[in-house]
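Right, one structure below, let's go through it.
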Amino acid sequence: MTNPSSLPDDAPLADCPERGVGLVLSNPISDRLDHLVDCVEETGERTSRKEVIAALILDAALDGSDLAARIRRLRLAKVGDAVDQSRRRRTSLPEAERQPGPRPRRSGTAPED
């Protein structure tokens, strides 16, 4: 485990050693993550699922009560809470099950996931 105190505070996070996390998401949450990537890319920025997750973690409040409330909301959530209803209406056929790995991009090469 890397000791955060051994890294200078002004070191870019992008240059820090990485550690894998075991992460399996329900299909609706995984689809929502893909939609978040699409939302960012619609602004002209390039990103990846990994980068979106890291940005959300970095921005999370370090308030145990707030985080506990968000976890409770997740535990009680229904599929409709995760699905962008405007995208759902445009999709008439169910999507094929996605395989692990980087998601295909509309154009260009994808950043590493």
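Figures for the structure shown
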| read-out | value |
| --- | --- |
| Calculated log₁₀ intensity ratio I(q)/I(0) where the Debye formula runs over C-alpha points of segment 24-78, q = 0.25, 0.28 Å⁻¹ | -1.09, -1.14 |
| For peptides 24-32, 68-76, sequence by mean Cβ density within 10 Å, most packed first | 24-32, 68-76 |
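Laboratory data are not the source of any read-out in this text; all were calculated from the coordinates shown. Source: prediction; values computed, not measured. Ideal geometry is used to build each Cβ from the backbone, glycine not excepted, and the neighbour counts take in all protein chains shown.
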